[in-house]
1. Tally Lys/Arg at +1 and Asp/Glu at -1 over every other residue whose Cβ is under 13 Å from the Cβ of ALA109; what's the total?
2. Want the number for CYS76 to ARG113: 0.36 nm per residue separation, take away the alpha-carbon distance, what's left?
3. Taking the Cα centre of segment 6-114 as the origin and placing charges on Cβ (Lys, Arg +1; Asp, Glu -1), which of THR74, GLY20, MET100 is farthest toward the positive end of the dipole?
4. In a shell of Cβ-Cβ distance under 12 Å around MET30, excluding MET30 itself, what net charge do Lys and Arg (+1) and Asp and Glu (-1) give?
5. Only Cα pairs under 8 Å and at least 6 apart count here; give the relative contact order of segment 2-154 as a rounded whole percent.
6. Calculate, for ALA105 and GLN156, the FRET efficiency according to 1/(1 + (r/R0)^6) with r their C-beta to C-beta distance and R0 30 Å; round to the nearest 0.05.
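Throughout, read-outs are computed from the coordinates displayed, never taken from laboratory work. None of these values were measured; they are calculated from a predicted model. Please note: Cβ atoms are built from the backbone with ideal geometry, for glycine as well, and neighbour counts cover all protein chains shown.
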Amino acid sequence: MIISDQSFAEPLQAALEDAGHPVQRATSVMTGLTLAREVPPSLVVVDAVLPDGPGRDVLRRLRLNSTVPVFVLTACDVPEETVELMQAGADQVLVKPMVMAEMVARIGARLRRSQHQAHLLSHGLVVWPQRHLVTFQGYPLPLTKTERQLLTVLLQRVDQPLSRSAIVRELWPEKEHSRQSNVIDAHMTTLRAKLGLVHLQGLITTVRRVGYVIRQASMDELMEPPVIALEDQD
């Protein structure tokens, strides 16, 4: 959580830890973002006002490459501000003061839901299953449903080469495998072309006489991905 008010942060941290939720605490935008990068959180609680900037800056930066749930705390019960924060990606906007037990219960409920909402994240490349979307550094990639599913299957098995027939079984378990395996190459060609729009054309490797794989080395190269300008995608 990123809260500068110790009189509120300390009892909240104690209550969360008593409920079995380990907590890491920061008191500013910069320290919070640094901590989130070093140790990816399961949920973020951020104050709307911090010493070095608004909590909205934390929310904006997190949404560039993360689907982590974010709760924003505000002292102003202003509907317009709540709408803006939700549109910016906040999962909940809570008005202080609040009952501590309710706050802990809300966080616990959201964490339980998150366990069932699979998403894949690798340094800027994000698959959003609920939104049927793939983004890189916040920019959407124009992938079809099959291309999204193909990318997801490979991301779920990094460093594990998959044959075309194995991929078919993952994508279309109800169909005749032998008739569908040749289709994978066509989808792979278009997927790679679209990944090339954001300079990720080398993410997927062809393994001769086997199939396709995403290597961990390729994932590691995304640790500090290149800055992609909007005009690069035209």
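1. Summing Lys and Arg as +1 and Asp and Glu as -1 gives +2.
2. My answer for the length gained is 10.6 nm.
3. GLY20
4. Neighbourhood net charge equals 0.
5. In percent, rounded to a whole number, it is 18.
6. 0.40
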